[in-house]
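Each remark here refers to the structure printed beneath this line.
Each reported figure results from applying straightforward, stated rules to the coordinates on display, with no laboratory input. On a predicted model such as this, the values are computed, not experimentally measured, just so you know. Every residue, glycine as well, gets a Cβ built from its backbone with ideal geometry; the counts of neighbours run over all protein chains shown.
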């Protein structure tokens with residue numbers, strides 16, 4: 001007997017029933033996963049890009065098929081009204097797993113994801129998480145509640161109240177996916193998070209996007225002022241890491257740094273070498289800001305030797321909570337110091353107070369103190385402070401005058417914040433295309449180098465670069481500039497105390513405390529002339545020229561791009577010149593080199609053999 005064909009309606013009903021059955025099966029399966037506690041935590045490292053150390057781990061939840069995709073699992077749970085149950089199970093699994101970890105991981109930060117719509121559930125603020133932490137003997141200060149910003153917040157007043165509640169309990173909070181999703185700035189204001197995680201969309205291929213780099217610079221500057229710690233998410237390549245490092249982003253997360261794993265893992269040696277390499281490159285590009293600590297000094301409480309016992313100091317500290325350290329002086333000169341943290345560590349315990357209450361504080365004060373002259377620069381202070389013993393590492397630095405008299409102290413928080421401010425200046429003063437230091441930093445380099453007994457300054461300029469841009473387009477022009485910056489970077493790679501900067505456009509500069517051999521410059525010119533061929537068509541290469549329209553609208557013959565190098569040394573000046581005078585001399589030299597390039601059709605250099613009297617230079 002012949003089967004009758006199903007009608008369209010029957011087919012649709014059958015498909016709907018199959019989907020319903022599948023949904024019911026999946027829902028039961030997810031319920032089983034939750035009830036049987038089959039959630040498996042995975043850990044992805046969050047790395048300090050300035051040191052290479054692991055700052056913490058984001059805990060990601062995984063389950064067996066068909067819920068191996070977490071996005072699918074959480075989406076289905078939301079549609080079935082199971083979000084709370086799933087997230088509660090994920091948090092419990094993460095915390096229990098965390099409690100069983102080796103001691104070396106217990107001090108790290110652990111980031112737990114929470115969706116904003118969970119905040120509307122009355123069970124969220126019931127204190128269950130805090131109860132779990134107490135049972136597992138975990139410190140809430142190590143837990144970061146990570147709020148995903150891709151989901152909207154329905155009730156900002158309640159949302160803000162709950163955030164304040166958890167922060168008051170000692171938790172830290174992070175805003176995830178910043179720059180994507182719903183109401184980013186409103187959510188940011190409501191949260192005032194400890195951590196701000198930049199969405200992957202802003203990080204992807206950032207090395208190729210000037211716009212993204214400028215945006216990240218602004219976010220970095222904002223985070224410094226707002227006291228948020230920045231984490232760049234989704235770092236997948238070395239180029240992205242390198243760009244973020246130069247822009248001043250402190251923390252990073254992504255497959256390049258480490259994939260999620262069922263147990264916390266250390267950073268691979270190759271990645272550590274990459275981060276170390278970034279620091280080595282930065283050393284070669286160091287510059288000096290005239291930043292002394294004199295403007296950072298504050299006057300703490302100071303007491304004379306043998307003037308106060310421990311009971312009196314205890315009363316003093318309890319009456320004034322703002323006092324966190326005391327300096328002890330002898331005839332105006334600092335001899336020891338005691339921080340409130342160290343003081344109460346000595347007095348703690350069953351008999352601590354009874355033993356020390358009548359004894360002079362001089363007995364327990366630290367005598368191995370770091371005293372720095374008020375005119376010491378920030379780099380010196382940082383280096384000396386961080387070379388102290390571990391237990392003294394974050395003690396305040398004592399500041400003295402030229403007669404060793406006590407002036408005040410500088411806290412390590414001030415030193416670190418100021419150092420970060422300088423990092424921001426480095427980032428914001430760098431050229432967004434080549435990521436090399438720009439004019440402001442170069443100005444400091446020149447002022448510093450002109451004080452040396454020996455130096456070489458090389459000015460670089462590309463000939464006919466404007467015509468190249470007009471003919472081949474700005475995108476190809478940018479490629480030429482990036483190629484040139486790499487060529488120059490490789491050129492100075494093994495030269496100590498040598499820095500490379502991008503003045504602007506097609507102008508670059510190398511500042512060195514060394515003499516630079518003529519043979520090296522000849523080789524550099526040869527390499528550039530070889531590299532330039534990849535940027536021209538075969539017909540233009542064969543001719544050795546191309547045609548372009550000049551400013552008068554006339555068609556003229558243009559040679560291939562060449563590089564002009566003007567070299568200036570300390571021998572060119574009888575006394576220390578103004579940096580502006582170097583620029584004037586370099587302009588005259590480059591004019592001569594360009595003429596030589598036109599005649600020979602290749603790149604050249606010129607060392608100035610003349611000797612100039614130093615004169616005042618008016619800068620525009």
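Here are the numbers:
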read-out	value
Sorted by Cβ neighbour density within 10 Å, fewest at the top, the residues 29, 578, 502	29, 578, 502
Cα gyration tensor shape for the chain, rounded if a/c is under 1.5, else prolate or oblate	oblate
Net length gained if the chain between residue 405 and residue 37 were fully extended (0.36 nm per residue, minus Cα distance)	126.0 nm
For the chain, calculated [θ]222 nm from helices alone, where every DSSP H run of n ≥ 4 adds -39500 (n - 2.57)	-13000 deg cm²/dmol
The chain: relative contact order in percent, alpha carbon pairs under 8 Å with at least 6 residues between	9 percent
Over region 430-607: Rg over Rh, Cα atoms, Kirkwood Rh	0.98
Mean-position separation - Cα centroids, region 193-238 and region 358-396, in angstrom	35 Å
Whole-Å distance, taken between Cα centres, linking region 453-521 and region 241-261	28 Å
Contour minus Cα-Cα distance for residue 358 and residue 547 (0.36 nm per residue)	58.8 nm
DSSP beta bridges in the chain [antiparallel fraction, %, rounded to 5]	60 percent
Inter-site label distance for residue 222 and residue 308 at 7 Å from Cα along Cβ, in nm	4.3 nm
For region 51-93 versus region 542-582, the gap between their alpha-carbon centres in whole angstrom	60 Å
Share, in percent, of DSSP beta bridges within region 293-417 that are antiparallel, nearest 5	65 percent
Spacing of the two label points (7 Å from each Cα toward its C-beta) at residue 494 and residue 106, in nm	5.0 nm
Beta bridge orientation in region 40-281: antiparallel %, DSSP, nearest 5	30 percent
Förster radius 41 Å - calculated FRET efficiency between residue 28 and residue 185 (Cβ-Cβ, nearest 0.05)	0.50
Sequence-separation-based contact order of region 430-607, relative, with Cα cut under 8 Å and 6+ spacing, percent	30 percent
For region 40-281: relative contact order, % (alpha-carbon pairs under 8 angstrom, 6 or more apart)	23 percent
Estimated distance in nm for a label pair at residue 387 and residue 299, the labels positioned 7 Å out from Cα along Cα-to-Cβ	3.2 nm
Length added when fully stretched, residue 367-residue 161, from 0.36 nm per residue minus Cα-Cα	69.5 nm
